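To start, the structure itself, in structure tokens.
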Amino acid sequence: MGPTTRKGFLVIADISGFTPFVATTELEHSQEILQNILRSIISFLTPTFKLAEVEGDAVFVYSDKLARHDMILEVIESAYFSFRDRKASLQRIRTCHCKACEMAATLDLKFIVHYGDYIMNNVGGKDKPLGSSVNIAHRLLKNHLIEATGWTAYALFTKDCLDAIQTSPDNFHEEAEEYEHVGKIQTFSINLDEHYKNYLSERTVYLQPQDADLVVHKDFLVAPPQLWEWANDPKKRSLWAVGSDWQEQSRPSRSTRRGGTNHCVNSKVIERILDYRPFQYYTSSMGRGPLHFTQTVKFEETNSGTRLYWHVKMNALLPKFMTRFICELIVMKGMKIHDGFERLRGLVEEENIIRTPNKE
């Protein structure tokens with residue numbers, strides 16, 4: 001029996017400007033910088049995606065198991081933001097003044113994202129995707145986007161990809177690419193540099209633990225991106241949050257972002273997202289009638305997985321001892337948060353086993 005055809009996302013993260021960087025700098029340091037950047041990209045993209053191959057100065061990953069397809073936008077944006085933060089950090093602490101270290105700031109990152117059919121092919125003992133969709137993704141690395149826009153940092157999506165994500169292309173740059181033996185491919189792109197600047201300028205809403213009425217935490221043996229999905233997908237959240245039935249409500253940006261709302265059918269609670277930093281934290285206001293709370297949910301990466309924090313504060317003109325008592329009563333007794341965390345632990349560990357079988 002031959003390989004089974006799969007349908008999924010194919011993503012290439014490619015370091016921009018690396019060829020001239022290597023050609024004009026010290027080889028030893030340029031390779032050290034490349035390996036450092038590649039490791040950080042791989043670390044961020046997996047385990048949401050599976051690593052197919054490192055292709056020189058690019059990382060090729062894939063997935064056919066994304067429960068919420070619009071999560072791919074969060075992953076790519078967050079991977080780029082992490083890349084930019086890391087590059088800025090390296091520049092601040094740089095003590096070497098060789099040309100390679102000085103020119104590292106000129107490097108940037110772009111993503112090619114396609115959705116289509118492929119089969120798994122074993123090459124040298126490692127499985128990797130194979131098929132025309134894989135070829136299309138790689139052909140799109142040579143495109144006309146820089147000439148058309150001047151962008152050096154971007155995410156380019158095919159129409160098949162946007163259809164799978166179910167995202168409107170209204171705010172994307174549209175471009176038609178044409179290749180021999182492939183024909184025309186309609187692409188839709190976003191400027192990641194602009195998105196990063198907007199991200200830095202957005203107001204931070206983060207409830208510090210010392211300002212909260214209640215702080216609870218739980219350790220999980222999975223990476224932040226996997227746990228993030230269980231906390232933010234209303235359907236998944238309802239599976240572990242005791243007595244809840246969460247439903248999506250408003251989505252101003254067509255995805256879970258700042259300004260979006262969720263509704264718990266059982267408790268009649270409305271949740272509004274105040275700050276949304278994928279895989280790091282989100283802050284929301286929650287309430288019904290006169291009772292209103294602010295909550296920051298933080299995802300702290302640990303050596304063994306993720307430590308999940310809940311920082312909860314009651315918004316009321318009451319003495320501190322009263323707001324603490326009410327928060328503890330609602331979260332610990334009413335919501336039975338520790339029982340919920342235990343359910344969540346079992347669900348994410350079961351999912352982790354399914355995602356990482358011994359053999360494809």
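The values are calculated or read from the model by the stated rules, or taken from the named source; none is laboratory data. These numbers come from a predicted model, not from an experiment. Positions of Cβ are generated from backbone atoms using ideal geometry, with glycine treated the same way; all protein chains shown enter the neighbour counts.
Among what's in region 30-75 and is farther than 21 Å from I136 by Cβ and among the β-branched types (V, I, T), pick the residue that is farthest from the chain's Cα centre (by Cα).
This residue is I33.
Say we look at region 294-325 and pick out the residues that are hydrophobic (A, V, I, L, M, F, W, C) and in contact (Cβ under 8 Å) with a residue 60 or more places away in the chain; which of these is nearest to A212 (Cα to Cα)?
It comes out as V312.
Of these, I112, I119, which one is over 22 Å from the mean Cα position of the chain (by Cα), modelled with pLDDT of 80 or more and either of a type in the set (A, V, I, L, M, F, W, C) or part of a helix (DSSP H, G or I) (or both)?
Being over 22 Å from the mean Cα position of the chain (by Cα), modelled with pLDDT of 80 or more and either of a type in the set (A, V, I, L, M, F, W, C) or part of a helix (DSSP H, G or I) (or both) holds for just one of I112, I119, which is I119.
Test each condition in (1) crowded, with 19+ Cβ neighbours inside 10 Å; (2) touching a His at 6+ places or on another chain (Cβ under 6 Å) for Q295 and report the one that comes out false.
The single condition Q295 does not satisfy is (2).
Do we find a residue being among the aromatic types (F, W, Y), assigned to a helix (DSSP H, G or I) and either surrounded by fewer than 17 Cβ atoms within 10 Å (Cβ to Cβ) or at pLDDT below 85 (or both) anywhere in region 34-55?
no
Need the failing condition index for A164 against (1) farther than 30 Å from H311 by Cβ; (2) out of contact with any His (no Cβ under 8 Å at 6 or more places or on another chain); (3) not in a strand (DSSP E or B), just the number.
In the conditions (1) farther than 30 Å from H311 by Cβ; (2) out of contact with any His (no Cβ under 8 Å at 6 or more places or on another chain); (3) not in a strand (DSSP E or B), A164 misses (2) alone.
Scanning for something among the hydrophobic types (A, V, I, L, M, F, W, C) and free of Cβ contacts under 8 Å to residues at least 40 places away in the same chain, does region 203-220 turn up at least one residue?
Checking region 203-220: not a single residue is among the hydrophobic types (A, V, I, L, M, F, W, C) and free of Cβ contacts under 8 Å to residues at least 40 places away in the same chain.
What tally of residues in region 233-249 results from selecting those that are in a helix (DSSP H, G or I), in contact (Cβ under 8 Å) with a residue 60 or more places away in the chain and buried (at least 19 other Cβ atoms within 10 Å of the Cβ)?
Matching residues across region 233-249 total 2.
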